[in-house]
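Where a number appears in this text, it was derived from the coordinates with a stated rule and is not lab data. This one's a predicted model, so the numbers in the text were calculated from it and none came from an experiment. Cβ atoms come from the backbone with ideal geometry, glycine included; neighbour counts cover every protein chain shown.
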Amino acid sequence: MIVTRLDEAQLLDRADDLADLLVDTVADGASVGFLAPLDRAAAMAWWKERATGVGAGRLAVWVACRAGRTVGTVGLAFADKPNSAHRAELVKLMVHREARGHGLGRKLLTTAEEAAVGAGVTLLHLDTETDSPAERLYDAAGWTRAGVIPDYAASPAGVLRPTTIYYKLV
């Protein structure tokens, strides 16, 4: 499976697929900032809003496609202040339920980490729902747990859940 970085126009062209991926991820219970059920139109609008950040270089988005369909994505949100230009946040690592279990999450994570190094980033950080399957991926990839914040975000079902903050020096 090939992982490709999208430019602004490509992100807009793939907004349909990315919306489907986001809806699937939320429906499966992943805490990625949305409540279930997530309306497809709202998911598409959210992705289209990201295009400006991609065009401005504040956000990098990669997709993994199989048979012409987007089945995974990951992003890097670059810091916007001079004193934090050395860091970026890993955002929205998602793999469609039908594509899980084949190492795609790890491939997307590695792609983002390598791109961060290429962009001069030396520190990555992220947050994820505590005790979620994503924690196994980050632990296995050498990320360090910085701590847990109780009741940080609502799950897709609307239940407040703790969030684990991770970082990685790259």
Q.
What pairs come out if I take residues in region 15-37 that are crowded, with 19+ Cβ neighbours inside 10 Å and pair them with residues that are acidic (Asp, Glu) whose C-beta lies under 6 Å away, six or more apart or interchain?
A. Ser31/Glu129
Q | Odd one out for Asp131, checked against (1) in contact with a Lys or Arg (Cβ under 9 Å, 6 or more places away or on another chain); (2) assigned to a strand (DSSP E or B) | A | (2)
**Q.** Candidates Thr144, Thr128, filtered to the one that is free of Cβ contacts under 8 Å to residues at least 60 places away in the same chain and of a type in the set (Ser, Thr, Tyr)
**A.** Thr144
Q: Scan region 79-128 residue by residue and report those that are in contact with a Ser or Thr (Cβ under 9 Å, 6 or more places away or on another chain) and within 15 Å of Trp62 (Cα to Cα).
A: Lys92, Leu93, Met94, Val95, His96, Leu108, Ala116
Q. Would a scan of region 110-133 turn up a residue that is in contact with a helix residue (DSSP H, G or I) (Cβ under 7 Å, 6 or more places away or on another chain), over 21 Å from Leu11 (Cβ atoms) and loosely packed, with under 15 Cβ neighbours inside 10 Å?
A. no
**Q.** Residue that is surrounded by the fewest Cβ atoms within 10 Å (Cβ to Cβ), among those in region 76-107 that are in a loop (DSSP other than H, G, I, E, B) and of a type in the set (Gly, Ala, Ser)
**A.** Gly101
